[in-house]
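Encoded as structure tokens, the structure appears first; notes follow it.
The values are calculated or read from the model by the stated rules, or taken from the named source; none is laboratory data. Keep in mind that this is a model prediction, so the values were computed, not measured. Here the Cβ positions follow ideal geometry from the backbone for every residue, glycine too, while neighbour counts run over all protein chains shown.
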Amino acid sequence: MSKFQIILTTIFAIFIVVGVIIFAISGRNNSNGNIGDIVIWGTMEQKTMNAVITNLAEGNEIFKNVKYEQKDEDSFDAILVEAIASDTGPDIFLLPQSEILKKRNKIFTIPYDNFTVRDFKDYFIEEGELYLQEDGILALPFIVDPLVMYWNRSLFANAGVANPPSVWDDFFILAKKLTQKDENKNISTSAVSFGEFANVENAKEILTTLFMQSGNPIVFQDSGEVKVSLRDIYNNDATPAESALRFYTEFSNPVKETYSWNKAMPNSKMAFLSGDLAMYFGFASELEDLRSKNPNLNFDVAYLPQTENLKNNVTFGKIQALAISRGCQNIVGAFTVITNLITSELLGYLNEITGLPPVSRALLMQGTTDPYQEIFYKSALSAQGFLDPDEKETSLIFQDMVESVVSGRRKISEAVSWASSELGELIK
């Protein structure tokens, strides 16, 4: 038995006392040889979760009454709140990192006495630590979708460039080589879709990555208190966030030689699919979509460029974790399910059917021979995120921050300061 399995067995044994009481109250006893009816909610695709749960039940029939229900992403919050209030909610729900602050009061927290921080860090990728709170663990990481760089091999070859960039400083040279403009500065082929927001797919996540690579965590917890760090200086002459925003908006300035993008351009993903954009920043989950929408597109995937002299690699990752609902009446059953869903066997199977890298350090260290998965695995190990107070509202703040600089409404320092204040209001 592995160290991790021993830990899970110990936790289960401790919870069993509570479970006996709960089973007695709820009537969901174990007389039928299973852990009871367990309902999981989430926005993940139904067929994906069904496949995982079927695999789980085939390995052990005690999980035969585990069911998954896919919910609409836009209405999930309202449905969950109402369901928990009326005692009709799920036993478990999938918790994205972007919903941690909003949903943490709806979760049964796993105490550190039963699952230590050391064991959590040893088992899961670093981004999973967003789920660690002062009093325990909010959820156990389940799946991650890292941001990567897709690049058009034909456009690079035509420009005489052999390899994709590994650092952001290279973009100043590549913008000149790969961007094609007429004498009136009308862009026909673009190197990179930086500088705008509305027509840049994943613009918020790109900016988030640039901020985090600059050393700014955006929003973090300090002794249980949530704080905004966007305008913190960190012993620099200017805030790292200002430097990141300056770099991002550089490519939409028509007076600069690096001018590569403007608000009249099409959506960046569509531009990449049509062969008019050299580099596209998307998620690992977008690989098959890109392939299917243009089978003739000659592209490859690369690790996200980093800031030169950066000691620790950083990319953004969308991570989801399994949380036990505060309204759950079957704690033992729910805990048994989530701890079995994160075993190496199940996480490996999830990787097979989704193409997304596992959240287990052990599985990632085993490596892969697939050239795309190799990039995804490396990206998962360096994936990061931040405690987003409100995913949609934050996106609007980031958009206004970018557009105010591009339009000249605000200086870069003013835009960062304004965005920081707005984030602070969201947290309040």
**Report entry** Matching residues in region 306-327 - criterion: being under 19 Å from Pro165 (Cβ atoms) and part of a strand (DSSP E or B)
**Finding:** Gln306, Thr315, Phe316
Report task. Tell me, yes or no, whether region 130-147 has at least one residue that is at positive phi and assigned by TED's automatic domain parsing to the domain that holds Ile92. Result -> yes
Report task. Scan region 329-379 residue by residue and report those that are crowded, with 19+ Cβ neighbours inside 10 Å and part of a loop (DSSP other than H, G, I, E, B). Result -> Asn330, Ile342, Leu356, Pro357, Pro358, Val359
Query raised in the report: Can you find even one residue in region 313-328 that is over 20 Å from Asp122 (Cα atoms), in contact (Cβ under 8 Å) with a residue 24 or more places away in the chain, polar (S, T, N, Q) and touching a Phe, Trp or Tyr at 6+ places or on another chain (Cβ under 7 Å)?
Result: yes
Query raised in the report: Quick one: is Leu94 in contact (Cβ under 8 Å) with a residue 40 or more places away in the chain and in contact with a Leu (Cβ under 6 Å, 6 or more places away or on another chain)?
Result: no
Query raised in the report: Restricting attention to region 190-201, does a residue exist that is of a type in the set (Val, Ile, Thr), under 15 Å from Phe281 (Cα atoms) and not in a helix (DSSP H, G or I)?
Result: yes
Query raised in the report: Across region 55-77, what is the total count of residues that are over 22 Å from the mean Cα position of the chain (by Cα) and small (Gly, Ala, Ser)?
Result: 2
Report task. Scan Gly33, Gly59 and give me the residue that is on the phi > 0 side of the Ramachandran plot, at pLDDT below 95 and surrounded by fewer than 21 Cβ atoms within 10 Å (Cβ to Cβ). Result -> Gly33
Report task. Could you grab me the full set of residues in region 110-147 that are modelled with pLDDT under 95, in contact with a Gly (Cβ under 6 Å, 6 or more places away or on another chain) and outside any strand (DSSP E or B)? Result -> Pro111, Tyr112, Glu134
Query raised in the report: How many residues, within region 165-196, are under 14 Å from Asn253 (Cα atoms) and aromatic (Phe, Trp, Tyr)?
Result: 2
**Report entry** Flag for Lys318 being in contact with a helix residue (DSSP H, G or I) (Cβ under 9 Å, 6 or more places away or on another chain), surrounded by 18 or more Cβ atoms within 10 Å (Cβ to Cβ) and among the basic types (Lys, Arg)
**Finding:** yes
Query raised in the report: Any residue in region 48-66 that is of a type in the set (Gly, Ala, Ser), within 19 Å of Lys106 (Cα to Cα) and free of Cβ contacts under 8 Å to residues at least 40 places away in the same chain?
Result: no
Report task. Considering each residue of region 285-344, count those that are of a type in the set (Val, Ile, Thr) and touching a Pro at 6+ places or on another chain (Cβ under 9 Å), and give that number. Result -> 4
Query raised in the report: Out of curiosity, is Asp169 surrounded by fewer than 18 Cβ atoms within 10 Å (Cβ to Cβ) and more than 28 Å from Ala302 (Cα to Cα)?
Result: no
